[in-house]
Amino acid sequence: MPEDVARHQIGGNQPPSPVTETTMEFANKVGEFQTTLKHWKDAGVADDDAVGDLEDFLKGARELANLIDAKRVELKKPHDVAAQEVQDAFKPLLSAMADIGKAAKSIKAGYLQKKQRAAEEAERRRAAAAAEAEAKAQAERAAAESAGDLLGAAQAREREEKHAKATKVQAVRATVQGSGNKSGLRKVRRAVLTNPSLAGAYYRHHEKMAALLTELANADLRAAKGAEITIPGFEIQIEEKI
């Protein structure tokens, strides 16, 4: 029988890891505390002596919890160090690539903005020229009609219709170009807070508003460190905890 096959068949599995061994040891102790806790739940507290015993139980539970957490930190630390080394090694590379991307996008955006402004200006000039030519043709037609020049009036009317059609074409072209966004630029909207009072009134019924306000109020309570404090819109409640 091959040696590697025999090893697997005769208990040749890898030994448990330090993490598994440690958690198994603590699991037995945790189980003892769970059994004792069940006793306290069933028996309850009848007198001060029992309260003292329960305090000893709580003290022991806290000590065990601290031991478990300390061991967790101890076993996790090498992995944290290794993970941080990887993060520190790759962070400047990723940061540099992010900066390169931002710079390249900025260069592209500058060119596209310049190109778009030039196109818009050219379109504006064409539209202005078409409108000016249409107005000139209208004036020539009106002058010819006043002078009784029927041929001149007809010719001016043709020119007027031609320029009016060109004006409409320019307007349609400007609309299509604006909606097509061929420049490659995209408009991104962002909110900038200018009036907190109005914003608060607008979002006063938002589901996250109450949680945010409560978080701010509790932060003020902690900062007061037990001193008297009044927070408008809040009732300060006191809970007794061990």
Practice problem: Just give me the residues in the range 218-242 being within 30 Å of the chain's Cα centre (by Cα), closer than 30 Å to GLU55 by Cβ and open to solvent by less than 100 Å² (accessible area, probe 1.4 Å), in sequence order. | Solution: ASN218, LEU221
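Between GLN9, GLN113, GLN87, GLN14, which is modelled with pLDDT under 90 and under 44 Å from the mean Cα position of the chain (by Cα)? First the steps, then the outcome.
On the way: GLN9 fails: under 44 Å from the mean Cα position of the chain (by Cα); GLN87 fails: modelled with pLDDT under 90; GLN14 fails: under 44 Å from the mean Cα position of the chain (by Cα).
Going through GLN9, GLN113, GLN87, GLN14 in turn, just one is modelled with pLDDT under 90 and under 44 Å from the mean Cα position of the chain (by Cα): GLN113.
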Quiz item: Mind checking whether some residue in the range 77-93 is over 30 Å from PHE33 (Cβ atoms), open to solvent by 90 Å² or more (accessible area, probe 1.4 Å) and aliphatic (A, V, I, L, M)?
Solution: yes
Exercise. Could you give me the residue pairs with C-beta distances under 9 Å whose first residue belongs to the range 19-44 and is in a helix (DSSP H, G or I), whose second residue is among the aliphatic types (A, V, I, L, M) and modelled with pLDDT under 90 wherever it lies, and which are 6+ apart or on separate chains?
Key: TRP40/ALA50; ALA43/ALA50
Exercise. Considering (1) open to solvent by 80 Å² or more (accessible area, probe 1.4 Å); (2) touching a helix residue (DSSP H, G or I) at 6+ places or on another chain (Cβ under 6 Å); (3) modelled with pLDDT under 70, say which one TYR203 fails and leave the rest.
Key: (3)
Self-check item: Among (1) assigned to a helix (DSSP H, G or I); (2) at pLDDT 90 or above, the one test that GLY233 misses
Solution: (1)
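Among ASP49, ASP56, which is more than 24 Å from VAL19 (Cα to Cα), open to solvent by 70 Å² or more (accessible area, probe 1.4 Å), in a helix (DSSP H, G or I) and at pLDDT below 90?
Sole residue among the options that is more than 24 Å from VAL19 (Cα to Cα), open to solvent by 70 Å² or more (accessible area, probe 1.4 Å), in a helix (DSSP H, G or I) and at pLDDT below 90: ASP49.
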Practice problem: May I ask you to say which residue of ARG125, ARG141 is modelled with pLDDT under 90, open to solvent by 100 Å² or more (accessible area, probe 1.4 Å) and assigned to a helix (DSSP H, G or I)? | Solution: ARG125
Quiz item: Which residue pairs have Cβ atoms under 8 Å apart, sit 6 or more places apart or on different chains, and have a first residue in the range 93-119 that is closer than 16 Å to ARG186 by Cα and a second that is exposed (fewer than 10 other Cβ atoms within 10 Å of the Cβ)?
Solution: none
Practice problem: Answer yes or no as to whether ALA118 is farther than 30 Å from TRP40 by Cβ, open to solvent by less than 70 Å² (accessible area, probe 1.4 Å), at pLDDT 85 or above and part of a helix (DSSP H, G or I). | Solution: yes
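The values are calculated or read from the model by the stated rules, or taken from the named source; none is laboratory data. Bear in mind the structure is a predicted one, so any value in this text is a computation, not a measurement. As a convention, Cβ positions derive from the backbone with ideal geometry for all residues, glycine included, and neighbour counts pool all protein chains shown. Remember, those area values only see protein heavy atoms, side chains included, never the ligands or the DNA or RNA. Shrake-Rupley method; radii C 1.70, N 1.55, O 1.52, S 1.80 Å.
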